[in-house]
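Following: one structure in structure tokens, then a few remarks.
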Amino acid sequence: ASRSLQKIFQNFKPSSVIHLAAESHVDRSITGPEEFINTNIIGTYNLLEAARNSWGESLSDKKFLHVSTDEVFGSLGADEEPFIEEDKYYPNSPYSSSKASSDLLVRAWSVTYSLPTIVTNCSNNYGPWQFPEKFIPVIISRAIEGEKIPIYGKGDNIRDWIYVEDHVKALINIIESNVVSSSFNIGADQEISNLNLVELICSIL
């Protein structure tokens, strides 16, 4: 683990970690995958090792919550059921592959080193001040400016969308529970195709 992470653990002595740090933009992962490998895989490894080295054998009140994405499961067709925790991983981009890799590292540290871990796989988030490269901010800003809105393929990719505060509430519920060595899918049952989402937002604007 990096010295800076070790120093943070020594100074603050956290009993729980919520690991949210990630590169998360699919298009950027296609044009520049190295950054995603370094942040999402190596970064997760460093954090796992910092927690393991800091906590040692006293693990009874500890918890490592790794926040991931439902994109590790691949993509849904229009008539397919939502992903469940037992689904196989079928990542389709450097981004989702890097997140799938980090999920597997977390599992390995749980099994091999008995680190008390949880993995959450959440659907697309949206909310105030979201970074402007993300899909919903792009739709809004392009529509306001009267510019063309970029849509991948035919726009028929189905995604579930969850408001960021609802995601945070779920993470807090999980970190405060007694559950460890498990995984949870987090969603809002708000599935919509990319094209229909664009049309919906444009109609509102």
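Right, residue 203: out of contact with any Asp or Glu (no Cβ under 6 Å at 6 or more places or on another chain), in a helix (DSSP H, G or I) and exposed (fewer than 14 other Cβ atoms within 10 Å of the Cβ) or not? So residue 203 passes the test. The single condition among (1) open to solvent by less than 50 Å² (accessible area, probe 1.4 Å); (2) at positive phi; (3) hydrophobic (A, V, I, L, M, F, W, C) that residue 162 does not satisfy is (2). Among the residues of the stretch 137-153, those identified as free of Cβ contacts under 8 Å to residues at least 24 places away in the same chain, loosely packed, with under 15 Cβ neighbours inside 10 Å and either basic (Lys, Arg) or farther than 22 Å from residue 93 by Cα (or both) are 141, 145, 146, 147, 148.
Candidates in the stretch 79-102 are the residues that are of a type in the set (D, E, K, R) and over 23 Å from residue 193 (Cβ atoms); of these, the one that is surrounded by the most Cβ atoms within 10 Å (Cβ to Cβ) is 85. Scanning the stretch 103-136 for residues that are assigned to a helix (DSSP H, G or I), open to solvent by 40 Å² or more (accessible area, probe 1.4 Å) and farther than 18 Å from residue 85 by Cα yields 112, 113, 135. For the criterion of being in contact (Cβ under 8 Å) with a residue 60 or more places away in the chain, under 13 Å from the mean Cα position of the chain (by Cα) and farther than 20 Å from residue 172 by Cα, residue 97 fails.
The values are calculated or read from the model by the stated rules, or taken from the named source; none is laboratory data. A quick note: this is a predicted structure, and the numbers were derived from the prediction, not measured. Here Cβ is always computed from backbone atoms with ideal geometry, including for glycine, and neighbour counts include all displayed protein chains. Note: accessible area is taken over every heavy atom of the protein model, side chains too, but ligands, DNA and RNA are not part of it. Shrake-Rupley method; radii C 1.70, N 1.55, O 1.52, S 1.80 Å.
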